[in-house]
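Comments concern the structure below.
Values quoted throughout were computed directly from the atomic coordinates according to the rules given, and no laboratory measurement underlies them. On a predicted model such as this, the values are computed, not experimentally measured, just so you know. Neighbour counts run over all protein chains shown; Cβ positions are idealised from the backbone, glycine included.
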Amino acid sequence: MKKKCLVIRSLLSLFLLAVAGELVSNNNQLLASDADVGSHSSSIISFSAVDGYFPLAVSGKPVPLYTHSDDYQGVIRALKDLQSDFELVTKNKPKLSINSVPKSKRVVIAGTLGNNQVIDKLAEDGKINAEELDGKWEKFIIQVVDNPVKGVDQALVIAGSDKRGTIFGIYEISRQIGVSPWYWWADVPVSHQPNLYVSPERFTLGEPKVQYRGIFLNNDEPALGNWVRHSFGGFNHQFYEKVFELILRLRGNYLWPAMWGKAFHDDCPHNAPLADMYGVVIGYTHHEPMMRAHIEWARYGEGDWDYQTNEEGLREFWIEGIERMKDYESTVTLAMRGDGDEPLSEEANIELIERVVNDQREIIQNYAKNPDDVIQVWALYKEVMDYYNRGMEVPDDVLILLTNDNWGNIRYLPDPDDAAKRSGGWGMYYHFDYVGGPRSYKWINTIQISRIWEQMNVTYRHNIDKMWLVNVGDLKPMEFPISFFLDFAWNPDAIPADVMGQYPKWWAQQQFGKEFAEEIAHLLNEYTRINSRRKPELLNEDTYSIIHFREGQRVVEDYNNLLKEAERINEKISEEYRDAFFQLVLYPVKASANLNEMYVSVAKNRLYARQLRSNTTEMADKVRYHFDMDAKLNDKYHSIADGKWMHMMSQTRIGYTYWNQPPWDVMPNVTVATPHDPADMGVAIEGSGYAWPQAGRNRQDAVLPKFDKFNQQSFYIDVFNRGRFSFEYSADTDVPWLLIDNPTGTVEKQERLLVSVDWTQVPEGTHRQPIRISGPDNRNIIVYAEVFNPSYPVREEVQGFVEANGYVSIEAPNFTRKIDSEDAWWKYVPDLGRTYASMVSFPVLADVQTPGDQDAPRLEYDMHLFSEGEVTVHVYLAPTKNFKHERTGLKYGISFNDEDPQIENIHTEILNWGDYSYGAPEYGVWASWVSNNINVLRTTHTIDKPGKHTLKIWMKNPNVVIQKIVVQTGEMGETYLGPPQSFFNK
């Protein structure tokens, strides 16, 4: 029988099922290329009756829930959440029975093997398989059982291997019936479904591949801090209950609580016991050892934060931290940094830090309630990584927490075989938010999930699987990347690159339903791409060129097109989704579009002032408009959901003058000009910052960029007014094939004329034609158009890319050929990069290849060059760090045609791991990489003659991420993103 059932699928389950193969069902399958969740039966939930399915709710009446009081309180609490979730979905609240069997033919039974006598009896009777759960970490099974207990005909059993296993199983049902993990934190509504049916097949997601998976609330002032004080009165248990529940609904299990001026244990006596009851493991940050918050030393500490001069005071302080930990599930941070997250000393005092750790471990052994169960963590953050490199010893049973460089790039990874042998395991501390150089970034999401995927996939393949932790700042507005990070941590094997590319659509569908999921996914991908190019806090009027390639204009248009799409969806989406849509999509798109346009307007204001345009002041007013709009958007955010998110967008982002945030947003300086009375014509052209007429000895001709028959460009001429009164203008040329879209008119402030070519009429060869611009006082200004129409090659027949205006620009995935070997290849990673996508040398642990060998993996790009002689190839690479345990750097090969490959080391300028502190020799290079989110390498090559040539990019090391390639053959306008892609035929 054909099953016609609408399903809402929990995100991760959707693709985990197919890859992990844990779902025992002949009917359930996943098409990795099909993100249309409702089109196939990959869910265990149906919203209409299906033969053999367990009726979870019929006509709005859900079956009762049943557990035993001897189970964990956290399990019972989660079951109460499920009770509330059923009420949200069905509009009726099921009865929850504890100990006494409900008087119902069908029930839901939830409990933990070994801690729930009902579950244990089912296992003893062989109705569930205890071996599936016994000794497993956070595993659950969901299955239908006949005659589970006396008086009940059938039960849906949720059984867990441990406390969190059961909790995750409970929340899996919540996800699948349509309750988003973000239902409270992002006001995601729940669709009413009166009928719920569950597949009778056993369902499990297996064990998580990463043991501890969590978030760190950090850099939380002013936004999160003010919101918490406004909403909860402080960082107390009422606030943290919301955080704990979110983490568990996302299948996380770990938290570093807020720390600047806050003390999790000290601020509220209920915080720690509630975390333990919920099932969330608590740890303290990389500079808060022994379960003591940084602020607690200011509150209670005596003497200096200096182990050499105040050992006794620090020991007593740390003993109190270990004693109050009790038997709560926790991790204990070892070692120490200087007060305030600073280096311990100017020199690496390895002997001192090793003594500190040995004494701390002795304290744990003597004062912890269950010392052998305590997970000890040593974070190799910033300069501590250097201590490790210099020989600092870390006991084998200690979990080493590695870090990225605070900007999304992994600093160091051990040899995977060595990592697997370490009894304490390894972890990774990642960042979505950061305070520090070269510039703090805290306001809005700038994280591409494709980069998370690429870097954390490398991490996982190096056996870093004990702990994954991510700094999420204020938590909002990082909802989207938080979901991905924790989903990926559950099972990286289940999310290969192609599935990752579908993730935004799955996530959008979970929050907003099926109708607009694809469009919302596009918005999520693109706004994070544009924001990741350069953090908003780093933007200024010089970021994007307003002279070359219309770069600034294109960025503004790209964002405004996204905004139009977001506003269109906002108009059409159901009213109940509006608050969630504003938080998760519309606000980040609109606020980011507004900010980018403000800075481009600043650039125009300053250019116009130099060119003496009469609309200089008008552009200054536009800057002020966008600055004021930024504040209005904040007010809108703080008013939605009846003011629920007051203060959450109060983080400053405009007016940075150094690494740290300004106390308030400051509008950029602009120029105000008063034009003179007479009409006065000026002309500016695309590709130049000059204006005409020019005075002085070094006057230049006004020459537009060259037109060619392959790219078939149009270029603009601005005719503008330097005076107060309007004037008439005309533009004409001597040839019929040179087209001007607006040849006559009236200029009040300025008019833009687009010049193009009728390629059906233009003669072969190279032509230079004048365009006469006539204006007031019989003034004529000549602009020259250079047109290139070669007889060969034929546009429709040419293979590969074609040179124009001094370059060939290539997006790396648009190769002509890709040559793979059995063991290594270049892999397409969608959406990774500033402009399109990336090619990554793969697999992660591939052997070093030999560029130049006939079968060596490579990418080949055919192109037609009209130039000869020396050319420069710019290869745009992700700012990957030298994370290999060797210090040799990551390399690739590059060559033209049959020449021997040049071997390029992407880490030539930054070969060491380094802490990149101010004043360090490598700081400037690293700061440029992360600020621009790119590393550009240049090589020179000799082209013997014009014609067809093939550029080859050879794999040498894995994990080289190439985004874009530009072959420079002549003068090329300088821009942030590089030239747009050239004309090409596949």
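Summary of values
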item	result
Net lengthening on full extension, Glu571/Val703 (0.36 nm per residue, minus Cα-Cα)	42.9 nm
Mean-position separation - Cα centroids, region 95-157 and region 563-591, in angstrom	43
Likely footprinting exposure, Ser440, Ser838, fewest C-beta neighbours within 10 Å first	Ser440, Ser838
Percentage relative contact order, the chain, counting C-alpha pairs under 8 Å, at least six apart	9
Cβ-based exposure ranking for His237, His68, in which fewest neighbours within 10 Å come first	His237, His68
Alpha-carbon gyration tensor eigenvalues x 5, square-rooted, for region 519-643, Å	29, 16, 12
Within-12-Å neighbourhood charge of Ile943 [Cβ basis; K, R +1; D, E -1]	-3
17 Å reach of a label modelled at Glu124, 7 Å along Cα-to-Cβ, counting backbone N of region 68-108	68-71, 99-101
Arg772-Tyr658 FRET efficiency (beta carbon distance; Förster radius 60 Å; 0.05 resolution)	0.75
Added length on full extension, which subtracts the Cα-Cα distance from 0.36 nm per residue, Glu302 to Glu974	236.2 nm
Average Cα contact separation per residue, region 800-985, under 8 Å, 6 or more apart, as relative contact order %	39
Region 851-914-region 933-986 distance, computed between alpha-carbon centres (Å)	10
Filtered GluC sites (Glu not before Pro), region 803-849: DSSP coil and at most 15 other beta carbons within 10 Å	Glu822
Value of Rg/Rh across region 220-496 [Cα atoms, Kirkwood radius]	0.93
Region 107-199: radius of gyration and largest Cα-Cα distance (Dmax), Å	14.5, 44
Relative counts (whole %) of C-alpha pair distances in region 681-789, using bins that are 5 Å wide	2, 12, 24, 24, 18, 12, 6, 2, 0
Förster radius 60 Å - calculated FRET efficiency between Lys986 and Arg724 (Cβ-Cβ, nearest 0.05)	0.65
q = 0.10, 0.21, 0.22 Å⁻¹, region 763-877: log10 I(q)/I(0) [Debye, one scatterer per Cα]	-0.52, -1.24, -1.29
Length added when fully stretched, Gln73-Glu822, from 0.36 nm per residue minus Cα-Cα	264.4 nm
Rg(Cα)/(2.2 N^0.38 Å) for the chain, N = residue count	1.04
Packing-based exposure ordering (other Cβ within 10 Å, fewest first) of Tyr307, Tyr72, Tyr441	Tyr307, Tyr72, Tyr441
Packing-based order for 812-821, 325-334, using average beta carbon neighbours within 10 Å, highest first	325-334, 812-821
Fraction of alpha-carbon pairs over 21 Å apart in region 800-985 - percent	49
Inter-label distance for Leu352 and Asp628, nm, one decimal - labels placed 7 Å from Cα along Cα-to-Cβ	5.5
Relative contact order %, region 222-375, counting alpha carbon pairs below 8 Å whose residues are six or more apart	20
Over 17 Å [Cα-Cα, region 404-494], rounded percent	48
For region 206-362, alpha-carbon Rg and Dmax in angstrom	16.3, 51
Separation in nanometres of the label points that stand 7 Å from Cα toward Cβ, at Leu754 and Lys945	4.0
Sparse-neighbour loop sites [GluC sites (Glu not before Pro); region 222-320; at most 13 other C-beta within 10 Å; DSSP]	Glu302
Label-point separation in nm, Asp372 to Lys421, each point 7 Å along Cα→Cβ	2.5
Among 889-895, 728-734, the order from most to least packed when residues are scored by Cβ within 10 Å on average	889-895, 728-734
